[in-house]
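Everything on this sheet refers to the single structure shown next.
The values are calculated or read from the model by the stated rules, or taken from the named source; none is laboratory data. Just so you know, these numbers come straight off a predicted model, no measurement behind them. Positions of Cβ are backbone-derived with ideal geometry, glycine not excepted, and every protein chain shown enters the neighbour counts.
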Amino acid sequence: MHVITTQKELETALAAFEKSDFVTVDTEFIRETTFWPILCLIQMAAPGVTALIDPLSPDIDLKPFFRLMANEAVVKVFHAARQDIEIIVHLGDLVPHPVFDTQVAAMVCGFGDSVSYDQLVQKITGARLDKSSRFTDWRHRPLSEKQLDYALADVTHLIEVYQHLSAELVRENRAHWLNEEMDVLTARETYDPHPEDAWKRLKMRLRKPQELAIVQAVAAWREREARERDVPRGRVLKDDAIYEVAQQAPRDAAALAKLRTTPKGWERSATATALLGAVNSALALPREEMPKLPKSFQPPEGSNAAAELLKVLLRIVAEKEGVASKVLASSDDIDRIAAEGEDADV
């Protein structure tokens, strides 16, 4: 099976895709030891056209690929698009548009809340996908025929999946439901989160504004550090260490050395010095500038029975309408409606 490794081959292949109304896209990448994913293979298909592109080839410049991703006349079809789009944003500095995510479309069309791609392919096409190559080393060269077969099968079957789901959306007059979800998926801010918002990813029970101030400062510092060094966040500082730092509020290396969640001797490193700078900047905030603890929603006593009834009704309505229940309402939405009725902010 041929893999594109030269610029001339790439430009020839992409010229064919430019003539299509849509193109199915998938990527293979690794990110176990990096912050940013390492793109290892690009798979594309359209009716009558397929391509496997080696982005690691020294003779490849992906600008023509990014140009196709920005072509408004060609719909880019992904399944579970978020990570693929993240890679394109990072490497190409653009968000693909327009986009059709078959995972979201499947939920809108009633295939359930969490149908996997291989299940979706089997239900729509009858084909069974061999997923044994999913977790292989995609950076190793040469790629095996088995890996290439696996990679190409994903995008070739995606053609029929896309055609089936797009026709179903039109038939059920639900195309606008998908459009709303795609607007969020293709918003630039979805892929450019501000480091100051990094703390929102952390699930921590904080009791004091000072603890929250430290978590915000340390999480923002860790985010910048991980991006700059291109290492996973946990390589800079683990989540449980952030929590302990927030509770203990160490002001110097001696206090930092007493923590249980950091390695012995780490307090003398340059990274630890930078961490202490973030902690002390949070501790220096005047009381009136300390952040307010976010209010967590706690369903009032007696609302649980109503919530369970609403969840049953939600399942009934979802089955009747042929749509995944989470498209209509989340579990948190149901809890709020049960507790607050028409005043619920959902």
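Numerical summary
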read-out	value
Candidate set: the stretch 248-272, residues that are loosely packed, with under 14 Cβ neighbours inside 10 Å and in contact (Cβ under 8 Å) with a residue 12 or more places away in the chain; chosen: the one farthest from residue 210 (Cα to Cα)	268
Condition check for residue 136: farther than 23 Å from residue 10 by Cβ and out of contact with any Lys or Arg (no Cβ under 7 Å at 6 or more places or on another chain)	yes
Tabulated pairs, the stretch 118-147, first part of a helix (DSSP H, G or I), second basic (Lys, Arg) and surrounded by fewer than 17 Cβ atoms within 10 Å (Cβ to Cβ), C-beta under 7 angstrom, 6+ apart or interchain	118/131; 122/128
Answer residue from the stretch 182-198, given it is among the β-branched types (Val, Ile, Thr) and surrounded by 11 or more Cβ atoms within 10 Å (Cβ to Cβ) and is modelled with the highest pLDDT among those	186
Count of the stretch 11-31 residues which are touching a helix residue (DSSP H, G or I) at 6+ places or on another chain (Cβ under 7 Å), without any contact (Cβ under 8 Å) to a residue 60 or more places away in the chain and among the β-branched types (Val, Ile, Thr)	1
Any hit, the stretch 171-178, residues being in contact (Cβ under 8 Å) with a residue 24 or more places away in the chain, in the same structural domain as residue 26 (by TED's automatic domain parsing) and within 30 Å of residue 220 (Cβ to Cβ)	no
Scan of the stretch 5-21 for residues that are among the polar types (S, T, N, Q) and in contact with a strand residue (DSSP E or B) (Cβ under 6 Å, 6 or more places away or on another chain), ordered by number	20
Filter result (more than 22 Å from residue 191 (Cα to Cα), in a helix (DSSP H, G or I) and either of a type in the set (Lys, Arg) or touching a Pro at 6+ places or on another chain (Cβ under 6 Å) (or both)) within the stretch 210-239	212, 213
Residue that is modelled with the lowest pLDDT [pool: residues in the stretch 116-127 that are surrounded by fewer than 20 Cβ atoms within 10 Å (Cβ to Cβ) and within 25 Å of residue 30 (Cα to Cα)]	116
From 201, 174, 205, residue being modelled with pLDDT under 95 and surrounded by 15 or more Cβ atoms within 10 Å (Cβ to Cβ)	174
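Condition check ((1) assigned by TED's automatic domain parsing to the domain that holds residue 69; (2) under 22 Å from residue 48 (Cα atoms); (3) surrounded by fewer than 17 Cβ atoms within 10 Å (Cβ to Cβ)) across all residues:
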{"position": "99", "(1), (2), (3)": "yes, yes, no"}
{"position": "103", "(1), (2), (3)": "yes, no, no"}
{"position": "107", "(1), (2), (3)": "yes, no, no"}
{"position": "114", "(1), (2), (3)": "yes, no, yes"}
{"position": "131", "(1), (2), (3)": "yes, no, yes"}
{"position": "139", "(1), (2), (3)": "yes, no, yes"}
{"position": "144", "(1), (2), (3)": "yes, no, yes"}
{"position": "160", "(1), (2), (3)": "yes, yes, yes"}
{"position": "164", "(1), (2), (3)": "yes, yes, no"}
